[in-house]
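J.: Structure below; questions to follow.
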Amino acid sequence: MKMKKQTEILKFVNSKLLFLGIFALVNMWIFHSCTTEDASNNSSGQSEKNVKIDNSNSNNTNRLGENGPGGIDGNVSSFSNKIFFNSGRLESELNKNLYVGFNEETMNMLNAAQNENDLKIVFERAGIANSQEIIDILKSNVEAQQAFISENPDFYNLTVEEQSVLLNFSAEESKKKYANNVTLLDPNNYLVPDCAHAFNTSISRCAGDFGTCAVFAVAGAYAGLAPGLLAAAYCMVTKITCDNRAKRDFKDCGAKEIGTPDIDGVLTLHCDLDSCWTTDRRGVFVRRIR
C-alpha cells in the first residue's frame, strides 16, 4: 500500500512540475536520455562536449563561445557545479532528520503553498525539523538559476537540442565531480551484498536526478518561465520519495534473498526509521511489523 502511495506521489509531483511551467524540462530530458545513450555507444570515444553542432545560419556560428570568458559552455558548467554542490548540502541537511516523507496530506499542503512560510510548515509536517536550512539551500539553487538566465541571454538563442547537449554534458560531469555527496553502503557489511549494490545504484540515481532537475529547470526560461522556489521544492520531493523507495526496496530485497525462516518461537525485533521487522534465531527475516 505504501509503495502505491509513493508511486502516486511521484506521478503527482511530475504533473505539478508540468503545471508550474517546467514542461520544457520534460522535452529536454527526453533528449538528455537519448544523448546519454548515444554517447555511451559512440565508438569514436569523443566527449559529448566536442560534438559539432551544424548551424545553417551563419549568424549562429560560434554562439557557444559568447557570454562570459568561458563561453556559454563554460558558464553552463559553472552553473551546474553550483547546483550539484548545493545537492550535497541538501543531502547532508536532510540526513539530520530521523525520517522525511511526503504523504497525501503534505502533498496537498505543498500544492496550496503560496510563500516561503507555507513551505516551512509543509516541510516540518513532512519530518524536516531543519526546514529553514533546507529552504535556504533551495533558494540558493533558485538564485543560481535566475543569475544564469539573466547573464546568458545567448544561451536562449540556441535550439532546444543544443541547449540540451550543453546541460546534459555539464550535469553528467558535475555528477562525477560530486559523486561523494551520497553516503553509500559497503556491500561487504551485509548478508546479501547484491542488495547493497542495488541500493547504492538507486540512491545515487535519486541524488543525480535531483541535481539534473534543478539544472534543466533553466530551459523553461526560453518560454518566459523562470524557475522558482516551489518548483525547487517539487524537485526535492521527487528525490525524497525516490530515496524512500530505494530504502524499502533494499529491505525487501534482503528479506526475499535470505530465504525461508526457521521459526522456533524465539524472534528478534528490528526497527529503523520507518518500519520494524522480526528475524528468527539464525537472523533470517520472518515478517514486517509495520
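The values are calculated or read from the model by the stated rules, or taken from the named source; none is laboratory data. Predicted model, so just to flag it, every value in this text is computed and none were measured. Note: ideal-geometry Cβ built from the backbone for every residue, glycine included; neighbour counts use all protein chains shown. Ligands, DNA and RNA are excluded from the accessible area calculation, which covers all protein heavy atoms including side chains. Shrake-Rupley method; radii C 1.70, N 1.55, O 1.52, S 1.80 Å.
J.: Residue by residue, what Karplus-based ³J(HN,Hα) values in Hz, rounded to whole numbers, does the range 126-139 have, using 6.51, -1.76 and 1.60 with θ = phi - 60° and x for Gly and Pro?
T.: Per-residue couplings from phi come out as 7, x, 8, 5, 8, 4, 5, 4, 5, 4, 4, 5, 4, 5 Hz.
J.: The range 117-260: Rg/Rh from Cα coordinates, Kirkwood Rh?
T.: Details: Rg = 18.3 Å, Rh = 17.3 Å.
In the range 117-260, Rg relative to Rh is 1.06.
J.: Let me ask something additional. Would you grab the residues whose amide H sits under 5 Å from the one on Val286? Only those 5+ places off in sequence or on another chain, please, with H modelled 1.01 Å from N.
T.: When sequence neighbours closer than 5 places are left aside, the close amide H contacts are Thr278, Thr279, Asp280.
J.: Quick one: what are the phi-derived ³J(HN,Hα) couplings along the range 102-119, Karplus 6.51/-1.76/1.60 with θ = phi - 60°, whole Hz, x for glycine and proline?
T.: My calculation for the range 102-119 gives 10, 9, 4, 5, 5, 5, 5, 5, 5, 4, 8, 4, 10, 8, 5, 5, 4, 4 Hz in order.
J.: Ignoring ligands, DNA and RNA, what accessible area per residue does the range 87-241 give at 1.4 Å, in Å²?
T.: Working: 6720 Å² over 155 residues.
Per-residue value: 43 Å².
J.: Another one. Which order do peptides 77-90, 154-167 fall in by mean Cβ count within 10 Å, highest first? Walk me through the intermediate numbers first.
T.: Values: 77-90: 21.9, 154-167: 18.9.
Result, highest mean first: 77-90, 154-167.
J.: Would you kindly work out the equivalent ellipsoid of the range 159-202 from its C-alpha gyration tensor and give its semi-axes, the square roots of five times the eigenvalues, largest first in whole Å?
T.: Numbers: eigenvalues 217, 24, 5 Å².
Result for the range 159-202: semi-axes of 33, 11, 5 Å.
J.: At what distance in angstrom do the alpha carbon centres of the range 87-125 and the range 152-216 lie from each other?
T.: Rounded to whole Å, the Cα centres lie 22 Å apart.
J.: To continue, here is another question. Kindly rank 103-109, 197-203 from highest to lowest mean number of other beta carbons found within 10 Å of each residue.
T.: Working: 103-109: 14.9, 197-203: 17.3.
Ranked from most to least packed, the peptides come out as 197-203, 103-109.
J.: Which order, highest average first, do 143-149, 178-184 follow once you tally other Cβ atoms within 10 Å for each residue and take the mean per peptide?
T.: Working: 143-149: 18.1, 178-184: 15.1.
The peptides rank, most packed first, as 143-149, 178-184.
J.: Additional query: Using each residue's phi in the range 170-184, evaluate 6.51 cos²θ - 1.76 cosθ + 1.60 at θ = phi - 60° and report the 3J(HN,Hα) Karplus result to the nearest Hz, with x for Gly and Pro.
T.: After applying 6.51 cos²θ - 1.76 cosθ + 1.60, I find 5, 4, 5, 5, 5, 4, 5, 5, 10, 5, 7, 4, 9, 7, 9 Hz.
J.: What full-extension length gain, to one decimal in nm, is calculated for His270 and Thr201 as 0.36 nm per residue of separation minus the Cα-Cα distance? Write down the numbers at each step before the final one.
T.: On the way: separation 69, 0.36 × 69 = 24.84 nm, distance 2.47 nm.
Residue separation times 0.36 nm, minus the Cα-Cα distance, leaves 22.4 nm.
J.: Kindly flag which residue pairs out of Lys177/Lys251; Lys120/Lys251; Lys82/Lys120; Lys82/Lys239 have an alpha-carbon separation exceeding 27 Å in this structure.
T.: Beyond 27 Å between Cα atoms: Lys177/Lys251; Lys120/Lys251.
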